[in-house]
Structures are given as structure tokens and as C-alpha cells.
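Below you'll find the structure, written out as C-alpha cells, and then a few comments.
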Amino acid sequence: MNRAPRDAGFAVSGSGVTVVAARAGRAVHVPRTARALLRAVVTRAPRLARVVVTSAAPERTTAEAKAMGITSLVGGYTTIYGGEPNRLHNVRLVAGLIDGALIAPGTTFSFNETTGERTAEKGFLEAPVIINGELQTGLGGGVCQVSTTVFNAAYESGLPIESRTNHALYIDHYPLGRDATVNYPDIDLRFTNDTKHWLLLRTFVGSSSLTVNLYGAPLQRRVVSEAAPLVVHGKPGVKWVQDPTLPVGETRVEDEGEPARSTSVHRRVYDASGKRLYDATWSSYYRSEPKIVRVGTKPPEPEPKPEPEPAPKAEELPGDDGDGESDKTPAKPKQTETRPRGVTPPR
């Protein structure tokens, strides 16, 4: 009999937003049901105890949801993502934490307040993340994919951005000058709902893409955006790393590194009448990544020494048989025949 109440919600589609009606809940009234049971216990007649059920009203009724004025798409953005399984897991997890967020008129959305701290207890995993300007492995890697997509959804909707910080390192798969990093609790992404109606934030996670949409009353704002060229500031430094697996004097480039860069993006927002509402510029400065060169420290292997020739054995020595006499028979002298010149031997 227990059934929790359901607040009125919103269903989004290509044609707009519809309100999903609220539903009252049911709950057993425990004290009244207990008294009915006690009365039945002491009765000799056939005992019957009625369960008392009361209704539980939803916190947001259907009428209240309709009055919020959420009827159509205000703006949105899609980014492409990839990486190792842990990073993909974190992207889906944090996207689920902000999905369905409601932003009242005049209030500010905070990414960190909405998601809370990214911890292992919440299911976040270790994945590549930028820490102190270096690409390392940390808990919650991939969260900035979601914060960047949220920033661009608010950017394209023409909403005022209160707080945004670029990554320490340049990432080329985000729109130029429009990346947004977060770190709980000090680095946050914040934007304000300056409209007269509520805003609904929805996330849609695909196999390789993430979409963040904002729904509300039609704004009919026009957003003009200009990105400055990406300026390169010198060559990256070199970081030498000793490598005991390489021979002395040999080097190997492990990473070419990246130079320091900077850019900016200028956004102007106009209402339906052409009046300029906002004019702001966001500057981004990216640190360099050093070129990593491995230097061999492995000493050369010594050349093998030639083996000495074995000394001849005693029995192989000529002459001496132990008594001071030679055991070798002297060779007989070779006989030769001589004759006077001009003498012919008899036949």
C-alpha cells in the first residue's frame, strides 16, 4: 500500500516540453492501524482490523509545474568525448548528477553545488586529469568534459556567466577559448537565470557525444561570438629524463611538448528588439608542456678478453724422455751422387 508521491515533471522532445502530471502517494497510518489491531485482539467475535491508509501530497503539483513556464528549448551544446573506460564512466556519472536541475528566476546555477564533491564513495574512478598544469591520473578525470559542455550551453543561450576558468593546458577538441574547468570546491562554473521563468537543465549522453540543453520560456536572444587567433608564445622547454635502459650517449624523444598559448573570445547578446544585453570577453592562458627527452645512462658492456693459448703438454715436448737422452732417432744423412763434368756414365 505504500507508494511514494511523484512530483510533477517535464518531458522534453523535438517539439518542446510537456508537463508530466503529479501523483499523490499512499502511506499506512501506523498509529491508527495499530489501535485497530489492538481492538481486534481483545474481541471474541470474528476479529477484523482495518488498515488505515492516508494520502501523501507531492512537493510540486501539476499546476505549479505549468506555472514555471518551461515550454521550449532555450539553448544547448554538444561535445564529442572519448578516452579510457574510467573517463567515460566519470562523464556519464557527473552528467547524471546535474540532469534535471531546475534554476529559479534570478538565481545562479553552481556546478560544484549541484554535483557536490567528486569522491570514490559516489562512484568516481581514477582517470587522466590536469593537476598543477600537468596531465596526471586523478579521481574524477573527465568531469571537465561536462562542465565545458554546460558552459557552452549557457553561452549559446545568452545567459550571463558569473564564473568560468580555462584549463591549465590547451585542449584542441573544445571550441577555441570556450573550455571550462572545475575543481571542488575552489574552481566553479556559475551562470545566472536572468529570465522571468524557470530553467530546466537536461543532459543526454551518447556513446561518444554529450549534449546539454537548457529549457524554459522562449527568449529569442541573438548571440554573436568572435574568437581571437590562438597565439603561440615561444617554444616549449626541454625536460631531460635519465633512462637506464638506453645506452650512454643515446637519446629518445618521448613527448614533443606544447608551447604556451593564449586566446580570447568575445560574446555579444541581443534581445528580440536588437537591444544589446551583454558584451563580455573571456581570456584564456595555457601553460606550456615541456618536451621530454630520455637520456641513456646504461654503461657499455665490456668487450670479452681473449682466452690464453694452452701451454703444450710434457709428452709433446721434443727430445727429453727423462734420462737426459734424446728419444728421437737421428736421421740418416741423405746420400748424393757426384760425377765429373763431361763424363758420361757407362750404360
* Based on what the data block shows, is Pro300 touching a strand residue (DSSP E or B) at 6+ places or on another chain (Cβ under 8 Å), under 30 Å from Thr251 (Cα atoms) and modelled with pLDDT of 80 or more? -> yes
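Look at region 93-104 and say how many of its residues are in contact with a Ser or Thr (Cβ under 8 Å, 6 or more places away or on another chain) and over 16 Å from Phe10 (Cβ atoms). Write out each step before concluding.
Within region 93-104, the first condition is being in contact with a Ser or Thr (Cβ under 8 Å, 6 or more places away or on another chain), and the residues that meet it are 94-99, 101.
Narrowing further to those that are over 16 Å from Phe10 (Cβ atoms): 94-97.
Of the residues in that region, 4 qualify.
Within region 42-55, restricting attention to residues that are β-branched (Val, Ile, Thr), free of Cβ contacts under 8 Å to residues at least 40 places away in the same chain and part of a loop (DSSP other than H, G, I, E, B), which residue is nearest to Asn213 (Cα to Cα)?
If we filter region 42-55 for residues that are β-branched (Val, Ile, Thr), which is where we start, we get 42-43, 51-54.
Among the residues that remain, those that are also free of Cβ contacts under 8 Å to residues at least 40 places away in the same chain are: 42-43, 52, 54.
Filter again for part of a loop (DSSP other than H, G, I, E, B), leaving 42-43, 52.
On the way: Val42: 62, Thr43: 63, Val52: 44 Å.
Only one residue tops the list, namely Val52.
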* **Residue list for region 1-39, filter: aliphatic (A, V, I, L, M) and under 30 Å from Val212 (Cα atoms)** => Ala4, Ala8, Ala11, Val12, Val17, Val19, Val20, Ala21, Ala22
* Structure fact -> Listed by first then second residue, the pairs whose first member lies in region 15-41 and is closer than 30 Å to Ala67 by Cα, whose partner is among the aromatic types (Phe, Trp, Tyr), with beta carbons under 6 Å and at least 6 positions apart or on separate chains, are Val17/Phe10; Val17/Tyr215
* Of the conditions (1) without any contact (Cβ under 8 Å) to a residue 24 or more places away in the chain; (2) among the β-branched types (Val, Ile, Thr); (3) touching a Lys or Arg at 6+ places or on another chain (Cβ under 7 Å), Thr137 clears all except one; give me its number. => (3)
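Within region 228-243, which residues are farther than 18 Å from Leu169 by Cβ and either surrounded by 11 or more Cβ atoms within 10 Å (Cβ to Cβ) or of a type in the set (A, V, I, L, M, F, W, C) (or both)? Walk me through it before giving the result.
The first filter runs over region 228-243 and keeps only residues farther than 18 Å from Leu169 by Cβ, leaving 228-229, 240-243.
Listed by number, the residues that qualify are Ala228, Trp240, Val241, Asp243.
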* State all residues of region 279-314 that are surrounded by fewer than 16 Cβ atoms within 10 Å (Cβ to Cβ) and within 21 Å of Phe191 (Cβ to Cβ); if no residue qualifies, say none. => Asp279, Ala280, Thr281, Ser283
* Subset of region 223-254 (residues that are modelled with pLDDT under 95 and in a loop (DSSP other than H, G, I, E, B)) -> Gly234, Lys235, Pro236, Gly237, Val248, Gly249, Glu250
* State whether one or more residues within region 213-222 are in a strand (DSSP E or B) and over 30 Å from Glu117 (Cα atoms). => yes
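Of all residues being within 24 Å of the chain's Cα centre (by Cα) and not in a strand (DSSP E or B) in region 185-212, which is surrounded by the most Cβ atoms within 10 Å (Cβ to Cβ)? Just the residue, please.
Here is the first cut: in region 185-212, the residues within 24 Å of the chain's Cα centre (by Cα) are 185-191, 201-212.
If we keep only those that are not in a strand (DSSP E or B) as well, we get 185-186, 188-189, 206-208.
Values: Pro185: 11, Asp186: 8, Asp188: 18, Leu189: 24, Gly206: 10, Ser207: 7, Ser208: 9.
Top of the filtered list is Leu189.
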* Structure fact -> Among strands (runs of 3 or more DSSP E) entirely within region 56-118, at least 1 residues that are surrounded by 15 or more Cβ atoms within 10 Å (Cβ to Cβ), without any contact (Cβ under 8 Å) to a residue 40 or more places away in the chain and not assigned by TED's automatic domain parsing to the domain that holds Phe204 occur in none
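If I ask for residues that are among the small types (Gly, Ala, Ser) and within 19 Å of Leu88 (Cβ to Cβ), which ones from region 144-167 would you list? Write out each step before concluding.
Going residue by residue through region 144-167, those that are among the small types (Gly, Ala, Ser) are 147, 153-154, 157-158, 163.
Ser147, the sole residue that qualifies.
The values are calculated or read from the model by the stated rules, or taken from the named source; none is laboratory data. Predicted model only: the values in this text are computed from it and were never measured. Methodologically, a virtual Cβ is constructed for each residue, glycine included, from the backbone with ideal geometry; neighbour enumeration extends over all protein chains shown.
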